[in-house]
Amino acid sequence: MTGPGWPLNVPVLSDGMVTLRAHTPADIDRALEMAHDPDMIRWTAIPTPHSRAMSEQFALEVIPKGWNEGTAMGWAVEFEGRYAGNVDVRGKEALADVGYALHPDCRGRGVMTAAVRLAVDHAFVEAGKEVVQWSAHVGNVGSLRVAHACGFRLHGTEPDRLIERGRILDAWTGSIRFGDAPMPRTRWLESTLETERLRLRPLRETDVPRIVEACSDPSTRHFLSNLPDPYGPAEGRSYVHDSWWHAATGDRETWAIAARDDDRLLGTVSVMGLTGPTHGTGEIGYWMHPDARGSGLMTEAVRAVVDHALDADGLDLARLAIVAAEGNTASLRIAESLGFARYGTEHGTARLGDGGVTDHHLFERMRAQ
C-alpha cells in the first residue's frame, strides 16, 4: 500500500519566519519573475529564454515527480505571505545534494538561510540522509553566504564540477553531516575601515577593470612575478572571487583601498594566513594602482589595517608580519614607518618578474602588552 501522492506527501515546515510547502498555481507569476532575474540566469542552469509554461512544468510536474518517486524533496519557500523561491534536497540514498533559488525582492533578509536549515533538518531527521552536499558556481557569493550561515563545511574549488548550458564550470563545494550544528563554522571576515582619504571595503566585481590595470603594470609584475600573464578580466574576477572564499573560510581578509570621493579602486591590502598552525598571527600583503602611487595612500591604508588587525575588537592578532623583496623600496619604507622591526633575511627566495632572484626581508610587529 502506498502513501498519498503530491501535494499531500509534502510536509509543511516552518520556523515562524519562513514556511516550506508544496507549490501551487498561484506561485507561477513570481516564479516566472525569478526566472527572468539576471542573477538567476547567471548563476543557475535555468533554461533561458524562459516561458511561463517552463515555470509551470517545473513547479507542477518536475517537483511533484520528485516527491512521488522519492528522488527529490522540493518545496516552495513562503515569506511574508508570498512565494519567495525554491529549495530542494535531491537523492534517494544517504548522500544528497541541496539546491536553492530566491526571488530578488526577498534577498538579503536571511530567508534562504532559514529555508535551507529547515530543509536540511528534515532531510536528516525524517528522510534518513547522512550527508547533504552543496555546490555553486565559483563567484556565486549569495549561495556561499547561505552555505556558510547554515554550517556547511567549505571544502574548496572543484575544477570542472558543473555543466550548464553547454559550459563546463568550476564550483565551490561544501557539505554538512547529520549531527552538525546549523551555524557558521568560521567568522566571515568582512569589514569597512575609514581613514581621512580612504574607505577600505570588500572587493566587488566592479573593481575588476582597475585590478586588471594594476596587475598588468610592469612595476607590479616585477615584484609579484606569480601573477598570470596575460592578466585580463577573467583573472581579475578570479581574484575578487578568491577574496570572497577566503573571507568565508576565515583565512584571509582583503580590502579594496577606495577613494572616499568616488569609490575608485586604488589598490588592495590583505591580512593572510589566519587559519595557519600559529594562532593569533597574520601576514600583510598589498599593492597599489600606478596612478595612486607616491601620495602616501598605501601607508595610510596599511596603518588602518594594522590597527584593526591588532585590536581585540578587530582581528585580535598578537603578531603581524610583512615580507618585502630587496629593491621594493616603497614596501620596505611602509613596514619601517609603521613600526615593524626587521628580524631577518631569506636569501634568494624572491623571484622577480625579469627572471632574476633576490632576497626577502622579514618584518614583524607585536601587539603592545
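The values are calculated or read from the model by the stated rules, or taken from the named source; none is laboratory data. Worth saying up front: this structure is predicted, and the values here are computed from it rather than measured. Don't worry about glycine lacking a Cβ; one is built from the backbone with ideal geometry, like all the others, and counts go over all protein chains shown. Accessible surface is based on the protein model in full, side chains and every heavy atom, while ligands, DNA and RNA are left aside. Shrake-Rupley method; radii C 1.70, N 1.55, O 1.52, S 1.80 Å.
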#### Entry: Extreme residue, modelled with the highest pLDDT, among residues of region 165-177 that are loosely packed, with under 14 Cβ neighbours inside 10 Å and farther than 23 Å from LYS92 by Cβ
ILE168
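How many residues, within region 240-284, are part of a strand (DSSP E or B), of a type outside the set (A, V, I, L, M, F, W, C) and without any contact (Cβ under 8 Å) to a residue 60 or more places away in the chain? Write out each step before concluding.
Keep residues of region 240-284 that are part of a strand (DSSP E or B), which gives 253-259, 265-272, 281-284.
Still in the list and also of a type outside the set (A, V, I, L, M, F, W, C): 253-254, 267-268, 270, 281-283.
When the remaining residues are screened for being without any contact (Cβ under 8 Å) to a residue 60 or more places away in the chain, the result is 254, 267, 270, 281-283.
The total comes to 6.
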### Query
What are the pairs, 6+ residues apart or on separate chains, where a residue within region 291-313 that is closer than 16 Å to ARG367 by Cβ has its Cβ under 6 Å from a residue that is part of a helix (DSSP H, G or I) and among the basic types (Lys, Arg)?
none
### Task
Kindly indicate the residue of region 203-223 that is under 22 Å from ALA247 (Cα atoms) and assigned to a loop (DSSP other than H, G, I, E, B) and also most open to solvent (accessible area, probe 1.4 Å) among those meeting that condition.
ARG204
### Task
Give the residue, chosen from ILE334, ILE322, that is of a type outside the set (Phe, Trp, Tyr), within 31 Å of the chain's Cα centre (by Cα), modelled with pLDDT of 95 or more and in a strand (DSSP E or B).
ILE322
## Note on the structure
The number of residues in region 337-369 that are closer than 26 Å to HIS308 by Cβ, in a loop (DSSP other than H, G, I, E, B) and open to solvent by 40 Å² or more (accessible area, probe 1.4 Å) is 4
### Query
Restricting attention to region 40-59, does a residue exist that is among the β-branched types (Val, Ile, Thr), touching a strand residue (DSSP E or B) at 6+ places or on another chain (Cβ under 6 Å) and outside any loop (DSSP other than H, G, I, E, B)?
no
### Task
Give the residues of region 141-156 that are open to solvent by 80 Å² or more (accessible area, probe 1.4 Å) and part of a strand (DSSP E or B), sorted by residue number.
ARG153, HIS155
### Task
Could you tell me whether any residue of region 54-77 is open to solvent by 50 Å² or more (accessible area, probe 1.4 Å), among the β-branched types (Val, Ile, Thr), closer than 26 Å to SER175 by Cα and modelled with pLDDT of 95 or more?
yes
### Task
Considering only region 178-202, state which residues are surrounded by 14 or more Cβ atoms within 10 Å (Cβ to Cβ) and among the polar types (S, T, N, Q).
THR186, SER191, THR195
### Task
Looking only at region 89-108, decide whether some residue is at negative phi, in contact (Cβ under 8 Å) with a residue 40 or more places away in the chain and part of a loop (DSSP other than H, G, I, E, B).
yes
### Query
Pairs, please: C-beta under 9 Å, at least 6 apart or cross-chain, first residue within 17 Å of LEU118 (Cα to Cα) and in region 1-20, second at pLDDT below 95 and not in a strand (DSSP E or B)?
ASN9/GLY3
### Query
Which residue, of LEU265, LEU297, LEU274, is under 24 Å from HIS222 (Cβ atoms) and crowded, with 20+ Cβ neighbours inside 10 Å?
LEU265
### Message
Between a residue in region 354-366 that is without any contact (Cβ under 8 Å) to a residue 40 or more places away in the chain and any residue that is outside any strand (DSSP E or B) and small (Gly, Ala, Ser), which pairs come within a Cβ distance under 7 Å, given they are 6 or more apart or on different chains?
### Response
THR358/GLY327
### Query
Just to be sure, is GLU235 open to solvent by 50 Å² or more (accessible area, probe 1.4 Å) and either closer than 19 Å to PRO159 by Cα or acidic (Asp, Glu) (or both)?
yes
### Residue that is farthest from the chain's Cα centre (by Cα) [pool: residues in region 115-140 that are open to solvent by less than 10 Å² (accessible area, probe 1.4 Å) and of a type outside the set (Val, Ile, Thr)]
ALA123
### Query
List the pairs whose first member sits in region 46-70 and is polar (S, T, N, Q), whose second member is in a helix (DSSP H, G or I) and open to solvent by 40 Å² or more (accessible area, probe 1.4 Å), and whose Cβ atoms are under 9 Å apart, counting only residues at least 6 apart or on separate chains?
THR48/ILE41; SER55/ASP29
